[in-house]
Amino acid sequence: MMELIGIPPQVLFGQLLLGLINGAFYAMLSLGLALIFGLLNIINFSHGAQYMMGAFVAWLVLQYAGIGYWAALIISPIVVGLFGVLLERLLIRRLYNLDHLYGLLLTFGLALMIEGFFRQLYGISGQPYAIPAALQGGTNLGFMFLPTYRAWILIASVAVCVATWAIIEKTRLGAYLRAATENPTMVHASGINVPLLITLTYGFGVALAAFAGVMAAPAYQVSPLMGSNLIIIVFAVVVIGGMGSIMGAVVTGFGLGLLEGLTKVFYPEASSTVIFVVMAIVLLIKPAGLFGKAA
């Protein structure tokens, strides 16, 4: 079949792998977005900038403190997550009872400010970040060559997505979070500090974006533009999966990454727009998204 359509197996599977890698980042970023919207009702347009901050924190601690990749996977999400906590405490919590547009405008402005700050300091050219020694090289599978770092991205992203879903859907903490969004008065009466719970939820969503940024640093160059180049696609993924749906964000992220990879093989000109075409079709058929619940 592959010979009939004139596509070598190495090309087909190579593009599918690239699509899965892109899908891994779509899934991790849309997961954080869906978490923040689903539990806090805030459209966090600064998510791409926080993803970029995660990559830059990893690069900065390597350059100035000699702290490598493995430690940065922990340090960067904590640092950026604390920054998110500060934003929620000072600004975002004032918007919970207002229209979604106010949160969108605030976080969009924050994204421009964060990106402008890093562009002023480091320009728009990317900064290299080396793949850690333990993840260099790859494996010849016969039909394709699998780089070790790309395999690690897939494994780590699936683990993070499944763990986050399990925490939200299967634990008592997740039950408290869901209840706090629906009836905060009742949860507060049960002795739960609802404002703190909401603050930590936003910080966790931001930390997920930062974790994805550290994962992206060796795969791509660390650049102030890396978040803005990705955030529109990620929003499309969240809309297709269903705003606020954790499962929808994960499944749709990986699925659309694969679709994008296949499109690059069969019709490369459409690869940059296929996700938005799918979004338009889904919104026409099911406005709440594939996994979303109708209002």
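Using the Cβ of Tyr176 as centre and a radius below 14 Å, the other residues enclosed give a net charge of +1, where K and R count +1 and D and E count -1. Within the straight-line cut-off of under 17 Å between alpha carbons, none of the lysines are reachable from Lys264, sequence neighbours fewer than 8 places apart in one chain being disregarded. Working from Cα pairs under 8 Å separated by at least six residues, relative contact order for the chain is 37 percent. Of all the options Leu106, Leu17, Leu135, the one that moves most in a Gaussian network model of the chain with Cα springs shorter than 10 angstrom is Leu135.
Summarising the overall dimensions of segment 117-213 from its C-alpha atoms, the Rg and Dmax are 20.1, 61 angstrom. Cα centroid separation, segment 1-67 to segment 183-238: 13 Å.
Averaging 1/r over each pair of different alpha-carbon atoms in segment 45-98 and inverting the result gives 12.1 Å, the Kirkwood hydrodynamic radius.
Note on the chain: with charges restricted to the Cβ of Lys and Arg (+1) and Asp and Glu (-1), its dipole about the Cα centre is near 460 debye. Using a probe radius of 1.4 angstrom, the carbon and sulfur fraction of the accessible surface of segment 70-118 is 76%. Proximity of backbone amide H atoms, modeled 1.01 Å from N, is registered between Gly138 and Thr148 at under 5 Å, excluding neighbours fewer than 5 places apart on the same chain. Placing unit charges on each Cβ (+1 for Lys and Arg, -1 for Asp and Glu) gives the chain a dipole about its Cα centre, and among Phe25, Leu40, Ala212 the Cα reaching farthest toward its positive end belongs to Leu40. Estimated from the Cβ-Cβ distance and a Förster radius of 45 angstrom, the FRET efficiency linking Ser228 and His188 is about 0.75. In straight-distance terms, cross-link reach from Lys293 covers every one of the aspartates and glutamates whose alpha-carbon lies under 20 Å from its own, apart from those fewer than eight places away in the same chain; here that gives Asp99, Glu169, Glu182. Computed across the chain, the Kirkwood hydrodynamic radius from all distinct Cα-Cα pairs reaches 19.8 Å. In a reduced charge model with +1 at each Lys and Arg Cβ and -1 at each Asp and Glu Cβ, segment 53-164 shows a dipole moment near 80 debye about its Cα centre. Computed over the chain with a Gaussian network model linking Cα atoms closer than 10 Å, the most mobile of Ile42, Ile114, Ile246 is Ile114.
Averaged over its residues, the chain has an accessible area of 48 Å² per residue, based on protein heavy atoms and a 1.4 Å probe.
Result for the chain in a Gaussian network model with C-alpha springs under 10 Å: among Phe235, Phe56, Phe145, the largest mean-square fluctuation is at Phe145. As a fraction of the 1.4 Å probe accessible area of segment 136-295, surface on carbon and sulfur atoms comes out at 69 percent. Pairwise alpha-carbon distances in segment 171-295 exceed 26 Å for 37% of all pairs.
The values are calculated or read from the model by the stated rules, or taken from the named source; none is laboratory data. A quick note: this is a predicted structure, and the numbers were derived from the prediction, not measured. Here the Cβ is made from the backbone with ideal geometry for all residues, glycine too, and neighbour counts use every protein chain on show. Keep in mind that these areas ignore ligands, DNA and RNA; they rest on the heavy atoms of the full protein, side chains included. Shrake-Rupley method; radii C 1.70, N 1.55, O 1.52, S 1.80 Å.
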